Structure formats: structure tokens, C-alpha cells
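Student: One structure coming up, written as C-alpha cells, with questions to follow.
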Amino acid sequence: MYKDFYGLTERPFSKTPDPRFMFLSRKHKEALSRLVYAVEERDLILLTGEIGCGKTTLSRALMDELDDSYRVVLLINPRLSPMEFLRSLAVRLGLDDPPRTRVDLLEQIGTCLYRLYEEGICPVLIIDEAQLVPHKETFDEIRLLTNFQLDDQNLISVVLMGQPELRKRLAHSAYEALRQRFGMQYDLQPLDREETAEYLDCRMVIAGGQAGVFLPEAIDAVFDYSGGIPRKINHAATLALLEGYGRDLAKIDKTVMHAVMAELKMN
């Protein structure tokens, strides 16, 4: 359909977090560099941002940056009790039959982390959608992972990623001990108008097409609708390409975007 019409080899605005399509705005570059630095320092880092701003894509980009000296443990559904969390971590670290008691479980996790250290491997725990962690006690177990350490470094790096309500939740005095363990915090902001234009061109080119398909008035409409949130940009841009194809238009102009905005208002 529209792929051939616009000279594309694949969909440029897919909903999946494909690192190949990662657009590194100034904000995303800073976020990624902070993530890499925190992991290299075996630290605990908090990354927050609005829904659809690119946190999950950043986590995939982070994993691509790491070499074989790191072992990534990714939790994408952290609705876990403290024991469920510890057992899930243990299994992903390679323990086939984790013990049932907390004391024995923590001891085996500690033994495993030290063994990995001796092998020159740094475990990296990435918890996506961390605002969904249901219990303070689970956050306590996450914090206590930083107790597994040598004199000069931790044995595991932990990345917490979540929506802005996670930052608000952790601001409560009950989480003071966890906040003190953060080596770094970063709040990822949406793209501005210029970055939105660059984002559209970047993804079109990566998908095999050309820059400049979206005219300035179309970019304005996409930015006004999306507020610079990449997921919403993707939605509007996909509809725009479909509409432009249906109208046999090589460029996405304001008439296309008027139709797209009308459709979006109906959803």
C-alpha cells in the first residue's frame, strides 16, 4: 500500500520499540548517556517520562550499547510481591530452583552475583513500567540489592523506568532510603517542534524513504496533536501516510492533516 507509494521498505512509524529507529534528540542522547554511565558504574538510576516518550526504546538502545561483559535482566511486568520479585530475579540470573525462604533466596542471589563478578560479568536489572510495582516492600527488596557490593563497587546495576507518577510516589518520605541510593535521576521530556520535524524525516529515511515528505504545515499539525510525544507522533504520521496515499499525494500537506485530525478526534 503506502510503502511502495512513498518508496519505503518498511513501516517508518511502527508502534514497536525498535532501536534501529531510535531518534536521539538532545534529551534522548543525554538520557542514554546517563543510563550507560550508571550501568558502567554499577549504580542505581531512575528514568521517568510521559507515556510514549521513548523510555522503552531507550532501554533497548541501552542493551544494544552493552557488550558481553554485561548480563541484562529485563522485567516488563513488575506487578510482583517481594518474594515473586526475588524469585523472578533469581531465575533470570540462572538459578534453576530458587529456595522458598527469603533468607536462603537472598543468600543464593548474593552467591550468584559474586560468581558473576569473578567471571567479569556485571548483571543489569532493568525494571520497565516501575510505577506498577504494587508494594513498598518490593521497592525495599530492590533497594537492598545495592547491599550486594564489594568495598569499591556494587555487584549489580539497577535501572528503574516509569511514568511521572513513579517519581511522585518515590518522593514520599517512606521511600527516603531508596532515594538516597539513586546515583542518578533523569526526567525525559517530549520533543520540541524542530525535533519533531527531525524525528519524522529520520524515521522516513531509515525506512528507505526520503526526508521532506511532511511539509511544514503538516509538521505543525503533528506537533500540536502529539505534544512531541513519539508514540503519538507515530500514530498521526501513520494515518497521514495512509491518507496521503489515498489522495495520491507525494507530500503530506495541511489538507491531509485536516482529515487526519478529524479522524483522531473521533477516536
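The values are calculated or read from the model by the stated rules, or taken from the named source; none is laboratory data. The structure presented is a predicted model; accordingly, all values stated were derived computationally and were not measured. Virtual Cβ from ideal backbone geometry, glycine too; neighbours counted across all protein chains shown.
Student: Go through the residues of region 30-45 one by one and say whether even a single one is modelled with pLDDT of 95 or more, aromatic (F, W, Y) and not in a loop (DSSP other than H, G, I, E, B).
Tutor: Yes, some residue in region 30-45 is modelled with pLDDT of 95 or more, aromatic (F, W, Y) and not in a loop (DSSP other than H, G, I, E, B).
Student: Ok, one more. Going by what's in this entry, would D201 be described as outside the structural domain of G52 (by TED's automatic domain parsing), closer than 18 Å to P17 by Cα and of a type in the set (D, E, K, R)?
Tutor: yes
Student: Still on this structure, please answer the following. From the residues in region 56-105 that are hydroxyl-bearing (S, T, Y) and not in a strand (DSSP E or B), which one is nearest to P123 (Cα to Cα)?
Tutor: So, considering only residues that are hydroxyl-bearing (S, T, Y) and not in a strand (DSSP E or B), the one nearest to P123 (Cα to Cα) is S69.
Student: I want to confirm something. Restricting to region 218-267 and keeping residues that are charged (D, E, K, R) and surrounded by 15 or more Cβ atoms within 10 Å (Cβ to Cβ), which single residue is nearest to S14 (Cα to Cα)?
Tutor: In this case the residue turns out to be R231.
Student: Among the helices (runs of 4 or more DSSP H) confined wholly to region 134-218, which include 1 or more residues that are charged (D, E, K, R) and within 27 Å of Y114 (Cα to Cα)?
Tutor: Filter on region 134-218 gives 136-144, 176-179.
Student: Please work out if Q180 is closer than 12 Å to L44 by Cα, of a type outside the set (A, V, I, L, M) and free of Cβ contacts under 8 Å to residues at least 60 places away in the same chain.
Tutor: yes
Student: Can I ask one more? Output the residue which, of all residues in region 76-127 that are aromatic (F, W, Y) and buried (at least 16 other Cβ atoms within 10 Å of the Cβ), is nearest to G162 (Cα to Cα).
Tutor: The selected residue is F85.
Student: Consider only pairs whose beta carbons are under 8 Å apart and that are at least six residues apart or on different chains; among these, list those whose first residue lies in region 136-163 and is touching a residue at least 40 places away in the same chain (Cβ under 8 Å) and whose second residue is among the aromatic types (F, W, Y).
Tutor: Correct list of pairs: T138/F85; E141/F85; I142/F85; N154/F148; L155/Y114; L155/Y117; L155/F148; I156/F148.
Student: Using beta carbons and a limit of 7 Å, which pairs, at least six apart or on different chains, have the first residue in region 51-66 and more than 13 Å from V39 (Cα to Cα) and the second one modelled with pLDDT of 90 or more and acidic (D, E)?
Tutor: Between residues of region 51-66 that are more than 13 Å from V39 (Cα to Cα) and residues that are modelled with pLDDT of 90 or more and acidic (D, E), the close pairs are T56/D128.
Student: Quick test of your reading of the structure: I51 fulfils all but one of (1) farther than 17 Å from L93 by Cα; (2) surrounded by 16 or more Cβ atoms within 10 Å (Cβ to Cβ); (3) in contact with a helix residue (DSSP H, G or I) (Cβ under 8 Å, 6 or more places away or on another chain). Name the failing condition by number.
Tutor: In the conditions (1) farther than 17 Å from L93 by Cα; (2) surrounded by 16 or more Cβ atoms within 10 Å (Cβ to Cβ); (3) in contact with a helix residue (DSSP H, G or I) (Cβ under 8 Å, 6 or more places away or on another chain), I51 misses (2) alone.
Student: Exactly one condition in (1) closer than 21 Å to S25 by Cβ; (2) among the aliphatic types (A, V, I, L, M); (3) part of a helix (DSSP H, G or I) is false for M257; which is it?
Tutor: It fails just one condition, (1).
Student: D152 - would you say it is out of contact with any helix residue (DSSP H, G or I) (no Cβ under 6 Å at 6 or more places or on another chain), surrounded by fewer than 17 Cβ atoms within 10 Å (Cβ to Cβ), under 19 Å from I45 (Cα atoms) and modelled with pLDDT of 95 or more?
Tutor: Taking the combined requirement at face value, the residue does not satisfy it.
Student: Follow-up. G183: within 23 Å of G54 (Cα to Cα), crowded, with 19+ Cβ neighbours inside 10 Å and in contact with an Asp or Glu (Cβ under 8 Å, 6 or more places away or on another chain), yes or no?
Tutor: no
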